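Since the structure comes first, as structure tokens, the remarks are kept for the end.
The values are calculated or read from the model by the stated rules, or taken from the named source; none is laboratory data. Quick caveat: nothing in here was measured; it's all calculated off a predicted structure. Quick reminder, even Gly has a Cβ in these numbers, built from the backbone with ideal geometry, and neighbours come from all protein chains shown. Note: accessible area is taken over every heavy atom of the protein model, side chains too, but ligands, DNA and RNA are not part of it. Shrake-Rupley method; radii C 1.70, N 1.55, O 1.52, S 1.80 Å.
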Amino acid sequence: MKNQEFDSLKLQNQLCFPLYVASKEVVKKYRPYLDSVDLTYTQYITMMVLWERKEISAKDLGDILYLDSGTLTPVLKSLEKKSLITRTRGANDERLLIVGITQNGEDLKKQAVEISRAIANCVNLNESEAVELYRLLYKIIGKNDNAK
């Protein structure tokens, strides 16, 4: 009986471990594609939101990406330095930081469109497995409304 007392501490019994490793491995697969467009993974997901929204508050952007301001701010500064985004203060409320996409940022979208297709080919899942994994991952993070 004593051996079973600590079974929950075995790495093989941890859900978090394969999630952690899978996340690292998938992000690693992005690296060569993102290097070709001079973006980090965090910059890439930030640009994905901006390609869709065009303009968004930094707070809302952080909420969507699950990033705190300490992580998001350097990402935004770097993207601004690359002339892909603008950061401006709200007209009615200077505490509000508005992030907008530039024409250079829009142009990058044309180069980046192939990245998700390439990654889909690198992940060893068929379409229905990918949809189910997506649904389950969003269930874990408590966002059932995002499931495909």
Open item on the list: List the residue pairs whose Cβ atoms are under 7 Å apart, where the first residue sits in segment 19-42 and is touching a residue at least 40 places away in the same chain (Cβ under 8 Å) and closer than 18 Å to N121 by Cα, the second is loosely packed, with under 13 Cβ neighbours inside 10 Å and of a type in the set (G, A, S), and the two are 6 or more positions apart or on different chains.
Closed with: Y33/A118
TODO: Please work out which residue is farthest from D38 (Cα to Cα), limiting yourself to segment 68-86 and to residues that are within 17 Å of the chain's Cα centre (by Cα) and among the hydroxyl-bearing types (S, T, Y).
DONE: S69
Task: Verdict on T46 being open to solvent by less than 40 Å² (accessible area, probe 1.4 Å), among the hydroxyl-bearing types (S, T, Y) and under 28 Å from K24 (Cβ atoms) - done: yes
TODO: Can you tell me which residue within segment 126-142, out of those that are part of a loop (DSSP other than H, G, I, E, B) and not β-branched (V, I, T), is least open to solvent (accessible area, probe 1.4 Å)?
DONE: G142
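When you scan segment 76-86, how many residues do you find that are open to solvent by 20 Å² or more (accessible area, probe 1.4 Å) and of a type outside the set (K, R)?
Taking segment 76-86 first, the residues open to solvent by 20 Å² or more (accessible area, probe 1.4 Å) are 77-78, 80-83, 86.
Then keep just the ones that are of a type outside the set (K, R); that gives 78, 80, 83, 86.
Summing the residues that are open to solvent by 20 Å² or more (accessible area, probe 1.4 Å) and of a type outside the set (K, R) in segment 76-86 gives 4.
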Open item on the list: Filter segment 4-32 down to the residues that are over 15 Å from the mean Cα position of the chain (by Cα) and aromatic (F, W, Y) and list them by number.
Closed with: F6, F17
TODO: Select from segment 87-125 the residues that are more than 18 Å from V37 (Cα to Cα), open to solvent by less than 60 Å² (accessible area, probe 1.4 Å) and either of a type in the set (S, T, Y) or at pLDDT 90 or above (or both) and list them in ascending order.
DONE: L97, I98, V99, G100
TODO: Output the number of residues of segment 1-22 satisfying the condition of being out of contact with any helix residue (DSSP H, G or I) (no Cβ under 8 Å at 6 or more places or on another chain) and exposed (fewer than 10 other Cβ atoms within 10 Å of the Cβ).
DONE: 12
Task: Extreme residue, most open to solvent (accessible area, probe 1.4 Å), among residues of segment 23-43 that are more than 28 Å from K139 (Cβ to Cβ) and assigned to a loop (DSSP other than H, G, I, E, B) - done: D38
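This table checks each residue for (1) outside any helix (DSSP H, G or I); (2) aliphatic (A, V, I, L, M); (3) under 25 Å from L133 (Cα atoms).
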site	(1), (2), (3)
V21	no, yes, yes
G62	no, no, yes
G70	no, no, no
L76	no, yes, no
E80	no, no, no
T86	yes, no, no
N92	yes, no, no
E106	no, no, no
V113	no, yes, yes
